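Down below is the structure, laid out as structure tokens.
The numbers here are math on the coordinates, done by the rules we state, and not lab data. Treat the numbers as computed from the prediction; the structure is a model and nothing was measured. Counting neighbours? That spans all protein chains shown, and the Cβs are built from the backbone with ideal geometry, glycine included.
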Amino acid sequence: MSNLVVCIVWFSLLYFGTFYVFRKDDLFSPIKFVTAIFILRNLPYLVAIYLDNSLFPDYVLTSIGLTLEDAIPKYTLVQTIAFISLIIGIKFFKRNRVYMNSLQLKDYKGINYSSFVLLGIGMIGYLFFLNQIGGILTLLENLNNRIELQSGAYSLTLMKLLSFAMLFRFQLYSFKRTKRNKILFWFFFIVAVLTSSSLGGRRGTFFIILLIIAGHHFYFNRIVFQRIKKSTFIILFLALSIYTFFIPALRSPGGFERIINGEEDLVEQINVGDLVGYFSYTYIDIFTVNYFDKNNKWNYSSLWTIPQNLNIFKNRELRPPVDEGVYFYNIARYGLEFTPPTARNKMHIVSLPIENFGFGYANGLIVGVIFSFFLLGIVYKMVYDLFLASNLSPIGLYIYLFTLFTFNFSSLRIMNSIYIFLNVLIALIVYRVIVSFRN
């Protein structure tokens, strides 16, 4: 039996076994949620590369000097340790008098007015960005250079407020299921999706959809796997699949014009291998465990990129990339032995997302993986308890899902969390000010 088959069987037993052990937990509880993420990100990709080895990037194997079969065993071991450390961290944290009254939103009219103010602030941030680059057509026609276009566009940070505004409307609809509240919610949702998609990324839109699914779960009807209709699942899967390939087609050179002229057939472009590859970090994790050792580990030097990037007075090109994935890409693709905090102007600015696995192993090998995943498990459980203690506040829901879906200890995600924290403060201040004026 090949190492890849053993890996697939083992992870199937580990993940689905965890689901069975914690089967009584809520679907959106930390253990069930992160287990589902591990299943979706790892198993489909492993099966895909077993059926077709060519789906695995050749340059990764070249950079580590191993065949796929030889690279799998170490990955299987370390990924198992990471998952178990995460689960232990979640179970380790015990809530102790957690109160988050500051996150509770109780005033109906205050929530209503706040949603419009947050929508306005978010749109101002987006429109200011469009004005800087020359308008929406300039953006859509140059999405192949989207990283360069959006570089230094700090006003886009305010766009996150559109998701807060949408959640405020969703909670209002759960309070009063009127036609007006329903129409306003869908309007806010469409605005959030369109603005997010126009930037050429997919992760933001997927997160918005996740917010809605979780909001339905907590504010309307609890979602249970056994009760999900197959037709609903298929429709959602197909819609997300088409969207996954629509955005790359849009941001390709001349993509906007080809789509407008009907020259792109998105259905024909859907490839299952590419689809599972997009959602998976497995090939990056395989590179990580087979490349780094005691002689080239980073010893947490990657964290120094955070204070250097917070120094806005320093020339951006002389700062290191806050995304450690840039280092990973230059090492794996070009064999360039750069380590943090090398300045960005010395490297190709393309990234392989390292996430918590890459951060832990690149900086501290096995010990780093155990430590980073154990702490991440504690953080997951902590924000879940904070959300429950906030009386299911939409702000608490955003913080919880952002943490589970996006947060880890890599420099990039820590920086993203700083921006999210600023948006949380703005949302709370807007609500408190409006409520105080009304009283």
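Put a dot 7 Å past each Cα toward the Cβ at Phe405 and Ile429; how far apart are the dots in nm?
2.5
What full-extension length gain, to one decimal in nm, is calculated for Tyr154 and Gln104 as 0.36 nm per residue of separation minus the Cα-Cα distance?
In short, 15.2 nm is gained.
Go through 335-345, 79-89 and give me the packing order, highest mean Cβ count within 10 Å leading. Display every interim value, and only then the final one.
Working: 335-345: 16.3, 79-89: 19.5.
Taking the mean over residues of other Cβ atoms within 10 Å, the ranking is 79-89, 335-345.
If you take the square roots of the eigenvalues of the alpha-carbon gyration tensor of region 314-439 and sort them as a ≥ b ≥ c, do you get rounded (a/c under 1.5), prolate (a/b over b/c) or oblate?
Numbers: a/c = 3.79, a/b = 1.74, b/c = 2.18.
It comes out oblate by the Cα gyration axes.
Rounded to two decimals, what ratio of Rg to Rh does region 39-98 give with C-alpha atoms and a Kirkwood Rh? Don't skip to the answer; put the middle values down first.
Values: Rg = 16.5 Å, Rh = 14.0 Å.
Value, to two decimals: 1.18.
Within the set Lys182/Lys381; Lys109/Lys160; Lys32/Lys160; Lys160/Lys381; Lys91/Lys294; Lys94/Lys297, which residue pairs have Cα atoms separated by over 29 Å? All intermediate terms of the calculation are to be shown ahead of the outcome.
Numbers: Lys182/Lys381 32 Å; Lys109/Lys160 22 Å; Lys32/Lys160 26 Å; Lys160/Lys381 24 Å; Lys91/Lys294 31 Å; Lys94/Lys297 33 Å.
With Cα atoms farther than 29 Å apart: Lys182/Lys381; Lys91/Lys294; Lys94/Lys297.
So, by mean Cβ neighbours within 10 angstrom, what's the order for 215-223, 162-170, 117-125, 33-41 with the highest one leading?
Order by mean packing, descending: 162-170, 117-125, 33-41, 215-223.
Cα gyration tensor of region 350-419, axes a ≥ b ≥ c as square roots of the eigenvalues: rounded (a/c below 1.5), prolate (a/b > b/c) or oblate? The partial results should precede the final answer.
Numbers: a/c = 3.56, a/b = 1.72, b/c = 2.07.
The shape class here is oblate.
Given axes a ≥ b ≥ c from the Cα gyration tensor, I'd like to know whether region 1-135 is rounded (a/c under 1.5), prolate (a/b larger than b/c) or oblate.
oblate
Which of the listed residues, Pro57, Leu27, Ile37, is farthest toward the dipole's positive end in region 25-76, when Lys, Arg count +1 and Asp, Glu count -1 at the beta-carbon?
Ranked along the dipole, the leading option is Leu27.
Given a Förster distance of 60 angstrom, what is the FRET efficiency for Ser12 paired with Phe437, based on the Cβ-Cβ distance and rounded to 0.05? Mind dumping the intermediate values first?
Working: r = 56 Å, r/R0 = 0.93.
E between Ser12 and Phe437, to the nearest 0.05, is 0.60.
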